[in-house]
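Structure, as structure tokens:
The values are calculated or read from the model by the stated rules, or taken from the named source; none is laboratory data. Keep in mind the model is a prediction, meaning the values are calculated, not measured. Note that we place each Cβ from the backbone using ideal geometry, even for glycine, and neighbour counts take in every protein chain shown.
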Amino acid sequence: MSLIELRVNRISYSQNQSGAYAMILDEVDGKRKLPVVIGEFEAQSIAVALDKDIKPQRPFTHDLFKNFAFRFDVAIKRVIITKLVDGVFYSSLICERDKIEEIIDSRTSDAISLALRFKAPIFTHESVMEKAGIVFDKDDAPSKGALIDELSAEENYDDLTTEELERAIKKAVKKENYEMAARLRDEISKRESEANE
């Protein structure tokens, strides 16, 4: 199964959900973006890893893990976002010690934070990008009433078609409202899983 390489674009604060952030991952050789909703602590840890000028007074948990791993000669070779189930991303750390690889289950936010500290590449499967990746064209027009400005976090999306939800996702991405885009994407995923039952 081929892997798609990703890179962290940025972290943005969720205006709709208190204490939540959206981490935006860009497809390295493509135009898709993968928004992942993360918590405040994880956002802070990732932001510190992205900004080389920030030096915290005490190590974050992810820094402690890195120091511990280096002490015992364990390296993180790559991170793979393996699947998306009910709006939750699952990831694996591919670690190596004494030329033996081990796979460790991880929350995606922790895996990305560690990948940045170990300078390890980040990958996902095409199936994850098909399900959760967002791409938009410059000339995408909003559809009847499905404007992102009019949608709220508590909204029931039952009245919108899947096509309208996809257009609303593109509009949310244009407005950099990645949290809303992720929520709309989760609604589409929910519909697809219900259709397959």
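Would you call ARG10 assigned to a strand (DSSP E or B) and under 12 Å from the mean Cα position of the chain (by Cα)? Spelling it out, ARG10 is indeed assigned to a strand (DSSP E or B) and under 12 Å from the mean Cα position of the chain (by Cα).
If you go through segment 1-19 and pick out every residue that is surrounded by fewer than 17 Cβ atoms within 10 Å (Cβ to Cβ) and modelled with pLDDT of 80 or more, you end up with 7. Every listed requirement among (1) modelled with pLDDT under 95; (2) within 16 Å of VAL36 (Cα to Cα) is met by ILE112 save one, (1).
May I ask you to say which residue of ALA153, ALA172, ALA168 is in a loop (DSSP other than H, G, I, E, B), of a type in the set (A, V, I, L, M) and either at pLDDT 80 or above or outside the structural domain of SER12 (by TED's automatic domain parsing) (or both)? Quick ask: steps written out before the conclusion?
Details: ALA172 fails: in a loop (DSSP other than H, G, I, E, B); ALA168 fails: in a loop (DSSP other than H, G, I, E, B).
Selected residue: ALA153, the only one of ALA153, ALA172, ALA168 that is in a loop (DSSP other than H, G, I, E, B), of a type in the set (A, V, I, L, M) and either at pLDDT 80 or above or outside the structural domain of SER12 (by TED's automatic domain parsing) (or both).
At least 2 residues being out of contact with any Leu (no Cβ under 9 Å at 6 or more places or on another chain) is the threshold, and among the strands (runs of 3 or more DSSP E) wholly inside segment 80-134 those reaching it are 88-97, 100-107.
Pairing residues of segment 48-76 that are farther than 14 Å from ALA120 by Cβ with residues that are of a type in the set (Lys, Arg) and surrounded by 11 or more Cβ atoms within 10 Å (Cβ to Cβ), at Cβ distances under 7 Å and at least 6 apart in sequence or on separate chains, gives ASP63/ARG117; ASP73/ARG97.
Checking the stated criteria, ALA141 turns out not to satisfy the condition of being at pLDDT below 95 and surrounded by 19 or more Cβ atoms within 10 Å (Cβ to Cβ).
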